[in-house]
Amino acid sequence: MSKKIQAVRGMNDILPAQSPVWQYLEGTVAELLGSYGYNEIRMPIVESTNLFKRSIGEVTDIVEKEMYTFDDRNGDSLTLRPEGTAGCVRACEEHGLLYNQTQRLWYTGPMFRHERPQKGRYRQFYQIGVETYGIASADIDAELILLTARLWQQLGLADSVTLQLNTLGSSEARAAYREALVAYLTEHKALLDEDSLRRLDSNPLRVLDSKNPDMQAMLAGAPSLFDYLDDDSREHFDKLRSILDAAGIAYEVNPRLVRGLDYYCKTVFEWVTDKLGAQGTVCAGGRYDGLVEQLGGKATPAVGFAMGVERLILLLESLECVPQAVYQTLDAYVCAVGDDTDQAALLLSDRLRNEQEWLRIQTHCGGGSFKSQMKKADKSGARFALLLGESEVAQQQVTIKDLRGELEQVQIAQQDAAAWLAQHIN
Ligand code: ATP
Ligand code: MG
């Protein structure tokens, strides 16, 4: 036998047993976003490599070492999207959705990053992203946060996540701060680890994000971005905070929250949990007022976030927050034993669906003995087995057996079966 081919490392199959949780999470989010007036957009998974280089930034971890980039047959450099924001801006700009308009959008789908696979970190992973365009004021930043807080409530996760908040200021403020930070870090160069030394030149703000315990004391003494903020950013942040305070949303201001992508300004936030180990950020986002212009459009204010679907599912499962009803079971499993009963079984199932469209019915296919079919009926999880033998078919009858409860077995006319099931299924 030849060697079996396996999935690519870090890219997971989502098996039938897991799908109900995925559908539950995706369905809950889609409904919530719809109720806030957000519309879904679907972008391609593959984009021109330059889109990501120009938006995420040449010296970010993603662009430097995590992208799946390849030349297609024409020699064009393409990349499997590592995130959705850049493609969303590209699509909106291309179709004229931004100029003189506001948009509230969401999308879901796989993203690709060549990272070291571990729990909560994969090479293909799913995000649900939300982006808004054309609104410069802090009320929309607050709406995004309120919306996520409502989602945690609905999912039963509210007590397990906390909100971290920061502001990065304008790009001018950040440039001035960057200078001060680089001066400070250069002074303490001996304490920097290898990653931070590399970032000192390319992306010094990211050094603040280091989790290295040996660097924490030194970082605590670093200059604070707050001292460099421009008035506009300061007011924006105060307004956001006052709305969150009024709405009763707890948050922690974390001046070292910087995010890994270049395009953020002003507001950045993360919802984090301590229940998933190192991969604790389940939702992250911020404002990116400069990106549309940077990608060739007219300056357009923008703010958004993305949730990590796998991490949220891990959290839902570890906290046992998945409602039992998510695992929908069959109402009936229709068995057919004897010559030509297979056709009668399919027609009976069809008739039942016509009469009670909500019924969840599986029809046994492929024949087999009564015993083996009953085994399958039991394994299917169905509440009732519907049995068709040759005599039932001849008399237009069906035998109904309760697989889970105490009801007596009955034989009734096929024309009464849908009503009987409706009456006995609560
Ligand atoms: P992290 O700090 O965990 O690497 P990030 O800053 O790279 O996250 P974003 O690019 O902002 O993350 O993506 C938003 C969310 O997508 C993250 O908060 C996380 O929940 C999820 N996510 C990011 N990368 C991965 C991955 N490789 N596998 C699974 N989920 C991921
Ligand atoms: Mg990352």
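The values are calculated or read from the model by the stated rules, or taken from the named source; none is laboratory data. No experiment lies behind these values; they were computed from the predicted model shown. All Cβ positions, glycine included, derive from the backbone under ideal geometry; neighbour counts span all protein chains shown.
Please verify whether residue 131 is away from ligand 2 (no atom under 15 Å from the Cβ) and within 20 Å of residue 48 (Cα to Cα), treating the condition exactly as stated. Spelling it out, it is not the case that residue 131 is away from ligand 2 (no atom under 15 Å from the Cβ) and within 20 Å of residue 48 (Cα to Cα). Hey, could you check region 112-125 for residues that are part of a strand (DSSP E or B) and not polar (S, T, N, Q) and say which is farthest from ligand 2 (Cβ to nearest atom)? Checked region 112-125; the qualifying residue farthest from ligand 2 (Cβ to nearest atom) is 112.
Considering region 272-284, and only residues there that are of a type in the set (Gly, Ala, Ser) and surrounded by 17 or more Cβ atoms within 10 Å (Cβ to Cβ), the residue that is farthest from ligand 2 (Cβ to nearest atom) turns out to be 280.
Report, by residue number, each residue of region 76-111 that is among the acidic types (Asp, Glu) and within 12 Å of ligand 2 (Cβ to nearest atom). Answer for region 76-111, where residues must be among the acidic types (Asp, Glu) and within 12 Å of ligand 2 (Cβ to nearest atom): just 83. Pairs meeting the criteria (first residue in region 360-376 and under 13 Å from residue 339 (Cα atoms), second residue modelled with pLDDT of 95 or more, beta carbons under 6 Å, at least 6 apart or on different chains) are 370/337.
Scan 329, 300, 273 and give me the residue that is within 30 Å of residue 218 (Cβ to Cβ) and in contact with a Gly (Cβ under 7 Å, 6 or more places away or on another chain).
273
Tallying residues that are part of a loop (DSSP other than H, G, I, E, B), without any contact (Cβ under 8 Å) to a residue 40 or more places away in the chain and crowded, with 17+ Cβ neighbours inside 10 Å within region 293-342 yields 0.
Among the residues of region 59-77, which ones are of a type in the set (A, V, I, L, M) and surrounded by fewer than 18 Cβ atoms within 10 Å (Cβ to Cβ)? Steps first, please.
Going residue by residue through region 59-77, those that are of a type in the set (A, V, I, L, M) are 59, 62-63, 67.
Hit for region 59-77 is 59, nothing else.
Would you check if there is a residue in region 285-302 being modelled with pLDDT of 95 or more and within 16 Å of ligand 2 (Cβ to nearest atom)? Checked region 285-302: at least one residue is modelled with pLDDT of 95 or more and within 16 Å of ligand 2 (Cβ to nearest atom). All conditions in (1) farther than 23 Å from residue 137 by Cβ; (2) more than 19 Å from the chain's Cα centre (by Cα); (3) among the charged types (D, E, K, R) hold for residue 311, with the sole exception of (2).
Taking region 233-292 as the search range and keeping residues that are part of a loop (DSSP other than H, G, I, E, B) and at positive phi, which one is nearest to ligand 1 (Cβ to nearest atom)? For region 233-292, the residue satisfying everything is 259. So, of the residues in region 203-222 that are assigned to a helix (DSSP H, G or I) and more than 30 Å from the chain's Cα centre (by Cα), which turns out to be farthest from residue 184 (Cα to Cα)? Top of the filtered list is 213. Looking at the structure I just gave you, is residue 161 surrounded by 12 or more Cβ atoms within 10 Å (Cβ to Cβ), over 18 Å from residue 225 (Cα atoms) and in contact with a Ser or Thr (Cβ under 7 Å, 6 or more places away or on another chain)? Against the criterion (surrounded by 12 or more Cβ atoms within 10 Å (Cβ to Cβ), over 18 Å from residue 225 (Cα atoms) and in contact with a Ser or Thr (Cβ under 7 Å, 6 or more places away or on another chain)), residue 161 qualifies.
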